[in-house]
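Contents: one structure, followed by commentary.
The values are calculated or read from the model by the stated rules, or taken from the named source; none is laboratory data. Keep in mind it's a predicted model, so treat the numbers as computed, not measured. Positions of Cβ are generated from backbone atoms using ideal geometry, with glycine treated the same way; all protein chains shown enter the neighbour counts.
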Amino acid sequence: MSIEVAVVELTNRCKIYEDFSRGNARGCLNCPLNKFHREFQELDYELFRKILKENDEMQNPIKVWELGWNGDPMLYSKIRDAVEELTSRKFVVNIVTNGYKFMEKIKPIKEFTKNVSFAFFLDSVDNDNDFLMAPGVLDDTFDAFEFLKSNGIRFSILTRVNAHNYNKLESILNIARKYGVPFVPFESFGHSMTDYQKRFATETIDRFRNNGIHKTITFENPSGNCTYLRNLRIFINSHGYLSFCHFISFLDTELVDLRTHTLEESIKMNEKIRNEFVSRKMGKLSAWVKPRITASPCSFCYKTFGGKEPW
């Protein structure tokens, strides 16, 4: 089958996570690094090159590459080489990062910025952003926005919607409008929202859907089984494993080792694993007692197969 998007976790390192701590939680309060305790790792660069070469040889090569999901790809020791490999192939490249110390992080790839886009986490436009992330992040993020806007570099805004900011989405949307960039809110698995808060956020998103705001899978009804929507997307984690979902990629099972299989073989094996997983999921989903009326379709997998916590 053809894959449209490859999401690659080049590293699970994050500067916010490393520089700030809050008791038992470190870094952003919404960060999955606080939930999934994995040793710090970065994708072997030769394995990354192997994956790209195997992609070149496929009948329908993947042409959209997103760098990030846990950790900050801009901290990858070979980030310049990785971006150069991707942009030299004329691929669509999106780098998911945060604004913390962005002007320092961008230096190694500055010459390639016209050929990539960035996606920034922005969880609020007031002091709550630094509460949810870390001190100084908001100012660094707005400095990054100004730099990118003035240099004609494409970017978008990602917001992890939670109990602290569910009623502030319109103000974040106004920032996106100011810079003329897409705004993509999605439900955070930290600080779960009540049914009222989830409905409020969903109604806000629905109200502005045609005016610059995107509605994502985690705001749909649980019956909209998200694994069906992962058909055309793969996830490669920093340990070199491939999966059909970023939550599942935290597990030791349901993964394909790219070190011992070609990319094309891995995609076919992943599809088989995915179909078996969906079959199991659908059997359990029918008997699932939702923690809230508005529980998202991802919450079932997170509780049952991933973090083993209610969401």
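Only one of these conditions is not met by I62: (1) surrounded by fewer than 17 Cβ atoms within 10 Å (Cβ to Cβ); (2) part of a loop (DSSP other than H, G, I, E, B); (3) at pLDDT 95 or above. Which number is it?
(1)
Return only the number of the condition from (1) closer than 21 Å to A119 by Cα; (2) surrounded by fewer than 21 Cβ atoms within 10 Å (Cβ to Cβ); (3) touching a His at 6+ places or on another chain (Cβ under 9 Å) that A163 does not satisfy.
Against the list (1) closer than 21 Å to A119 by Cα; (2) surrounded by fewer than 21 Cβ atoms within 10 Å (Cβ to Cβ); (3) touching a His at 6+ places or on another chain (Cβ under 9 Å), A163 comes up short only on (1).
Output the residues belonging to the stretch 1-21 that are among the acidic types (D, E) and surrounded by fewer than 22 Cβ atoms within 10 Å (Cβ to Cβ).
In the first step, residues of the stretch 1-21 are kept if they are among the acidic types (D, E); the result is 4, 9, 18-19.
Passing the criteria: E4, E18, D19.
Please report, ordered by residue number, the strands (runs of 3 or more DSSP E) entirely within the stretch 87-174 with at least 1 residues that are more than 19 Å from P73 (Cβ to Cβ), among the aliphatic types (A, V, I, L, M) and in contact with a strand residue (DSSP E or B) (Cβ under 7 Å, 6 or more places away or on another chain). Before the answer, list the steps.
On the way: elements: 92-97, 117-121, 154-161.
Fully inside the stretch 87-174 and qualifying: 154-161.
Kindly indicate whether any position in the stretch 233-244 is closer than 25 Å to F48 by Cα and modelled with pLDDT under 75.
Step one: filter the stretch 233-244 for residues closer than 25 Å to F48 by Cα, giving 233-244.
Then drop every residue that is not modelled with pLDDT under 75, which leaves none.
No, the stretch 233-244 has no match at all.
Just checking, which of S299, S249, S286 is at pLDDT below 75, under 19 Å from the mean Cα position of the chain (by Cα) and more than 22 Å from V8 (Cα to Cα)? Break it down into steps so the answer makes sense when it comes.
On the way: S249 fails: more than 22 Å from V8 (Cα to Cα); S286 fails: under 19 Å from the mean Cα position of the chain (by Cα).
One residue alone meets the criteria, S299.
C226 is checked against (1) more than 24 Å from E4 (Cα to Cα); (2) modelled with pLDDT under 85; (3) hydrophobic (A, V, I, L, M, F, W, C); (4) crowded, with 16+ Cβ neighbours inside 10 Å and fails just one. What number does that condition carry?
(1)
Somewhere in the stretch 184-196, is a residue among the β-branched types (V, I, T), buried (at least 19 other Cβ atoms within 10 Å of the Cβ) and either under 24 Å from A144 (Cβ atoms) or in contact with a helix residue (DSSP H, G or I) (Cβ under 6 Å, 6 or more places away or on another chain) (or both)? Spell out how you get there, then give the answer.
In the first step, residues of the stretch 184-196 are kept if they are among the β-branched types (V, I, T); the result is 184, 194.
After this cut, where a residue has to be buried (at least 19 other Cβ atoms within 10 Å of the Cβ) as well, the list is none.
No, the stretch 184-196 contains no residue that is among the β-branched types (V, I, T), buried (at least 19 other Cβ atoms within 10 Å of the Cβ) and either under 24 Å from A144 (Cβ atoms) or in contact with a helix residue (DSSP H, G or I) (Cβ under 6 Å, 6 or more places away or on another chain) (or both).
What are the residue pairs meeting all of these: first residue in the stretch 198-219, first residue under 14 Å from N167 (Cα atoms) and without any contact (Cβ under 8 Å) to a residue 24 or more places away in the chain, second residue in a helix (DSSP H, G or I) and not aliphatic (A, V, I, L, M), Cβ atoms under 6 Å, and 6 or more apart or on different chains?
Final answer for the pair search is none.
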